[in-house]
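Structure first, commentary second.
The values are calculated or read from the model by the stated rules, or taken from the named source; none is laboratory data. Nothing here was measured: the structure is a model prediction, and the numbers come from that model. As a convention, Cβ positions derive from the backbone with ideal geometry for all residues, glycine included, and neighbour counts pool all protein chains shown. Protein only, heavy atoms only, side chains kept; ligands, DNA and RNA dropped before computing areas. Shrake-Rupley method; radii C 1.70, N 1.55, O 1.52, S 1.80 Å.
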Amino acid sequence: AAAAMSDNAAKMESLIAVLAKAGIAKKDIQTSGINLSAQYDYSERPGAPAGPRFIGYEASNQLTVKLRDIKKVGGLLDTMVQAGATNINGPSFSIDDPSPLIVQARGAALKTAKTQADYYAQAAGYRSARLISIAENNSGGMPPMPMVMSAARFKDAAASTPVEPGQVASSVTLTVQYALDK
C-alpha cells in the first residue's frame, strides 16, 4: 500500500508540475479525490486455490483543474495524457461570475410575470393585479468537475483534442404570486 501511494504521489507531483508549466495557477488546481484499494485477480486457473487472489494495491488521485482560456483546453488535455493522466472527466463549462446575468434574468422574469398577471386580471374581468409575494430559487451553473477519458489513441499526434464550449447559461427561477382586485 505504501509503495502504491508513493508511486502515485510521484506521478501526481509530475502532473502538477506539467500543469504549472502550462500556466495553470496553483489556486486553479485542487485535489478532489484520493483512492487506495486492494486489487484482486478473480480469474480461476486450474490447480490454483479457489477464490480471489490478492495481487497488490492501486492508488489513484483526482485533480480538479480550472482552465480560464477555452482555446487551451484541447491542448491541455493532450498534455495531461502525455504526462500520465489516465482518466479525464469533463470538461465542464461555467460562467466565472454569473451575477450580472442573474440580475438581468430577475428583471426579465418580473416583467414577464407582471405582464401575465395584468393579462389574466383583464381577461377575468378584474381591475388590477397586486403583487403578493416573490420567492427565488437560482442556479448559477455547474461547478468545474474533474476531467475523464481513458488514454486515447490519436490519429494525428500534432492535432490537439477538439473541445467546443457550446453555450453556458445561468438561470434564476422566480415564483411570483399576484392577487386580482375587483
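Some points to look at:
- Of all the residues in segment 26-38, those that are open to solvent by 60 Å² or more (accessible area, probe 1.4 Å) and either outside any strand (DSSP E or B) or over 27 Å from D96 (Cα atoms) (or both) number 4.
- Criterion: under 25 Å from the mean Cα position of the chain (by Cα) and surrounded by 14 or more Cβ atoms within 10 Å (Cβ to Cβ) - qualifying residue of V18, V103: V18
- The single condition among (1) within 30 Å of A20 (Cβ to Cβ); (2) modelled with pLDDT under 90 that V81 does not meet is (2).
- Segment 55-72 residues that are touching a residue at least 12 places away in the same chain (Cβ under 8 Å), paired with ones that are open to solvent by less than 100 Å² (accessible area, probe 1.4 Å) and of a type in the set (D, E, K, R) (beta carbon under 9 Å, 6 or more apart): I55/D41; A59/D7; T64/D28; V65/D28; K66/D28; L67/D28; R68/D28
- Just one residue in the set G23, G47 is at pLDDT below 95, small (G, A, S), open to solvent by 70 Å² or more (accessible area, probe 1.4 Å) and on the phi > 0 side of the Ramachandran plot; that residue is G47.
- Qualifying residue in segment 65-79 (condition: out of contact with any Phe, Trp or Tyr (no Cβ under 9 Å at 6 or more places or on another chain), closer than 28 Å to V172 by Cα and open to solvent by 80 Å² or more (accessible area, probe 1.4 Å)): yes
- Residues of segment 73-91 that turn out to be small (G, A, S) and either free of Cβ contacts under 8 Å to residues at least 40 places away in the same chain or within 14 Å of P162 (Cα to Cα) (or both), as a count: 3
- Residue match in segment 117-126 (condition: in contact with a strand residue (DSSP E or B) (Cβ under 8 Å, 6 or more places away or on another chain), aromatic (F, W, Y), at pLDDT 85 or above and open to solvent by 50 Å² or more (accessible area, probe 1.4 Å)): yes
- Being of a type in the set (G, A, S), open to solvent by less than 70 Å² (accessible area, probe 1.4 Å), modelled with pLDDT of 85 or more and not in a helix (DSSP H, G or I) is a description that does not apply to A113.
- Test: E58 is of a type in the set (D, E) and loosely packed, with under 12 Cβ neighbours inside 10 Å: no
- Some residue of segment 139-154 being assigned to a strand (DSSP E or B), out of contact with any Lys or Arg (no Cβ under 6 Å at 6 or more places or on another chain) and at pLDDT 80 or above: no
- Taken together, the residues in segment 68-107 that are part of a helix (DSSP H, G or I) and β-branched (V, I, T) amount to 6.
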